[in-house]
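Here, each number is a calculation from the coordinates, and none is a lab measurement. These numbers come from a predicted model, not from an experiment. When we count neighbours, we look across all protein chains shown, and the Cβ atoms used for this are built from the backbone with ideal geometry, even at glycine.
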Amino acid sequence: MVYRPEILPQGSGAFFAETLTDNGLIIEKDGFKKLYGILDVGYRTTDFLIFENGQFIGEKEELSEDTGIRTILEKLQSFIKKKYDKEQLEFLEQVLRGKPFEFRGEEQDLSDIVSELIAEHIFKRIEPEVKKRWEDRVNRMHKIIFCGGGAHLFKDMNGFLQKHRKQIRVPVEPEMSNAIGFYRYGVMQENLEKLKAER
């Protein structure tokens, strides 16, 4: 079999993770053709991606907004420095995930401030961008898929896109969506090559 390199647009991994099985088969009949919104929440940016008929649609320059989890981490860092005068902040991501940290022999629970920072970020920065960028298309979307390392922040935000709750899908391991999707896409392509060779 000859390997042909292929460049796929951003968001493709999450799209294929949602629409293909590990055997490279389509999960839902005609599901490939439907309209999907993909919200990829990374460290630095949030990407707002749309797929329809198995294709990326939209303008590449409209993809990203500087609203990744870094913004929340910076505010949390500022809060911790002010309250605890603590400089070494390598534990921040764990705190963002709801874990306490030890300071002077006591565990510090920052879940209230973390929830507040996350809610502010999601409802004041991300949600308005989704509505602005996707406009009336959001009503037609079959699924709105969350992926990336920051997707876990949305699991408890039931008010986010309240009218669209039935469309929202947060995978079990959203940070692995792209890797899983590219694997499944590769298996699908391999299956297609085998079928062609058998003809």
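Couple of notes before you dig in:
- 3J(HN,Hα) from dihedral phi, the range 17-31, Karplus parametrisation 6.51/-1.76/1.60, rounded to Hz, x for glycine, proline: 4, 7, 10, 10, 8, 5, 8, x, 9, 6, 6, 10, 4, 6, x
- Here the residues 103, 48, ranked from fewest to most Cβ neighbours within 10 Å of their Cβ, fall in the order 103, 48.
- The string of couplings for the range 42-58 from the Karplus curve (6.51, -1.76, 1.60, θ = phi - 60°) is x, 5, 9, 10, 10, 9, 10, 10, 10, 10, 8, 6, x, 10, 5, 10, x Hz, one whole number per residue in order, with x for Gly and Pro.
- Chain lengthening between residue 162 and residue 74 when straightened (0.36 nm per residue, less Cα-Cα): 28.9 nm
- Within a Gaussian network of the chain (alpha carbon springs, distance under 10 Å), most fluctuating of 108, 167, 55: 108
- What the Kirkwood sum gives for the chain is a hydrodynamic radius of 18.5 Å, with every pair of different alpha carbons counted.
- Candidates 54, 150, 181: whichever shows maximal mean-square fluctuation once the chain is modelled as a Gaussian network with Cα springs under 10 Å: 54
- Each residue of the range 64-71 is assigned a 3J(HN,Hα), and the resulting list reads 10, 9, 6, 10, x, 5, 4, 4 Hz, derived from the Karplus form 6.51 cos²θ - 1.76 cosθ + 1.60 (θ = phi - 60°), x at Gly and Pro.
- Rounded to the nearest 10 degrees, the inclination of helix 111-121 to the longest alpha-carbon principal axis of the chain is 50 degrees.
- DSSP finds beta bridges in the range 12-198, and of those with both partners inside it, around 70 percent are antiparallel.
- Counting only Cβ charges, +1 for Lys and Arg and -1 for Asp and Glu, the dipole size of the range 12-198 around its Cα centre is about 580 debye.
- Using alpha-carbon coordinates, inclination of helix 177-198 to the longest axis of the chain, degrees: 10 degrees
- Of the GluC sites (Glu not before Pro) found in the range 7-70, the ones in coil according to DSSP and having at most 16 other Cβ atoms within 10 Å of their Cβ are 28, 59.
- Distant-in-sequence amide H partners of residue 168 (H built 1.01 Å from N, under 5 Å): 144
- Interchain or long-range residues, amide H under 5 Å from residue 141's placed H: none
- Amide H within-cut-off set for residue 147, under 5 Å, with H built and near neighbours excluded: 39, 40, 41
- Among 158, 43, 118 - extreme Cα towards positive end, dipole of the range 12-198, charges at beta-carbon: 158
- Computed over the alpha carbons of the range 13-81, Rg followed by Dmax gives 16.2, 53 Å.
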